[in-house]
1. Enumerate lysine pairs in the chain that are 8 or more residues apart or on different chains, then count those whose Cα atoms are under 28 Å apart.
2. How high is the relative contact order of the chain, in percent, with contacts defined as C-alpha pairs under 8 Å that are six or more residues apart?
3. Search the structure for amide H atoms under 5 Å from the amide H of Gly64, placed 1.01 Å from N in the peptide plane, and list their residues when 5 or more places away or on another chain.
4. What 222 nm value per residue comes from the helices of the chain, counting each DSSP H run with n ≥ 4 as -39,500 (n - 2.57) and dividing by all residues, nearest 500 deg cm²/dmol?
5. For Leu186 and Arg229, compute 0.36 nm times the residue count separating them, minus their Cα-Cα distance, and round to one decimal in nm.
6. Ranking request for peptides 125-132, 199-206: highest mean number of other beta-carbon atoms within 10 Å first, then the rest in descending order.
7. Report ³J(HN,Hα) in whole Hz for each residue of the range 108-116, in order, from the Karplus equation J = 6.51 cos²θ - 1.76 cosθ + 1.60 where θ = phi - 60°; Gly and Pro get x.
8. Can you compute 3J(HN,Hα) from phi for each residue in the range 157-163, using the Karplus curve 6.51 cos²θ - 1.76 cosθ + 1.60 with θ = phi - 60°, rounded to whole Hz and x for Gly and Pro?
Amino acid sequence: MIIDVIAGARPNFMKVAALFAVADQFPNIELRLIHTGQHYDANMSEVFFSDLGLPKPIRHLDVGSGSHATQTADVMTRYEQWVMETRPDLTLVVGDVNSTVACAIVAAKLHIPVAHVEAGLRSFDRSMPEEINRVLTDSISDFLFVTEPSGMINLAHEGRPAQAIHMVGHVMIDTLLRMREKAADLVVYQRYGKRPSEYAFLTMHRPANVDDPVQLATIIEQIEWLAQRTAIIFPVHPRTRSRLSDSGLIARLEALDDMYLIDPVGYLEAVCLVDSARMVVTDSGGLQEESSALGVPCLTLRDSTERPITITEGTNTLIADDWDLFRQRVTVILGQGSDHTPSMIPYWDGRAGERILRILSEQLG
Ligand code: UD1
């Protein structure tokens, strides 16, 4: 049985790696990695392949950047041609990026079954492109692999058939647990003269935060406040760097002592920096989960989360522009001891990839 595994943007690579890591256990399955090229800079893509030991993609669609419609359409046109030529038995997509929905639509229309890994997550905020991608992908997927209980409830509410929905846990956490020790050995924070817990790890790239100059300026003001209390290591996403430069706000960050504005980091470096951080400040979806799994406090610069288990069982706090809350949480975290205990979230045990391939092997094989 041939399965096309789609990866295109940075958060996809660590997820698909968990499937390749256990593929040998399922001799009736052949996984073919398709890279859409949504992310193309070496530090947004290639470095993940080397860090994660991913195989070379069998096909690179080379789509690059563009408006949402252009990017989605380019993935669709190019993947359609590949599917017509090669007829996989299943197309497996992960997460919620434009490549996810594009390949799911192509496969469904060519009557190729679709599996969606990380199904059922909902922020209920349709202004996020990822929410549109999640809803559409789930509505046409034949296998819905869910990471947390909210996903089961959301899919049932949307009328998806119970036999298609499977609670399997989280492939991203499989990879995190597999790589954690190797990542820790890198002691990346030493490059900035820091020891564990002596810094906050900051990332942001969501259009709602970085494309709106007023919102971006507000966040920078809060970052300036944070920088007076702790060192900050901030790998800057290409979208964010361009908005910070255009608005001139980058100069304010560059003027801060103990602020490390660095290029986007590879997977192992990111895990090392998160695992040893005093706190994570982010608008990323994946980091809310990774910090929860590692037990590192996370302050999320968003109004909503599609990953509510990180709040109820993990370490996450939604800031939702409540800057008093932000300052209170920072003060509490800096006042606490630096030890962190990993959260025990059901099914986040490193075996999601195995569960997914077992279900596919039994039901399709
Ligand atoms: C995409 C995903 C988002 C994910 C994020 C992680 C969608 C809708 N969004 O957002 O869910 O959290 O990736 O990074 O799919 N760029 C580069 N080099 C690259 C990639 C992008 O310079 O390798 C630039 C682009 O030219 C563009 C900007 O970064 O100006 C945004 O890239 P894009 O892939 O459109 O969306 P992301 O914001 O990265």
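Read-outs throughout are calculated quantities, based only on the coordinates presented, and are distinct from any laboratory measurement. Fair warning: this is a prediction, and the values are worked out from it, not measured in the lab. Heads up, the Cβs are rebuilt from the backbone with ideal geometry, glycines too, and the neighbour counts pull from every protein chain shown.
1. Taking the chain as the scope, the lysine pair count is 6.
2. Numbers: 689 pairs, mean separation 60.1, N = 365.
Here the relative contact order equals 16 percent.
3. It is Gln38, by chain and number.
4. -13500 deg cm²/dmol
5. Gain on extension, Leu186 to Arg229, equals 12.9 nm.
6. Values: 125-132: 15.5, 199-206: 23.1.
Per-residue mean Cβ counts within 10 Å order the peptides as 199-206, 125-132.
7. Result, ordered by residue: 4, 6, 9, 6, 9, x, 10, 10, 10 Hz.
8. 4, 7, x, 6, x, 4, 6
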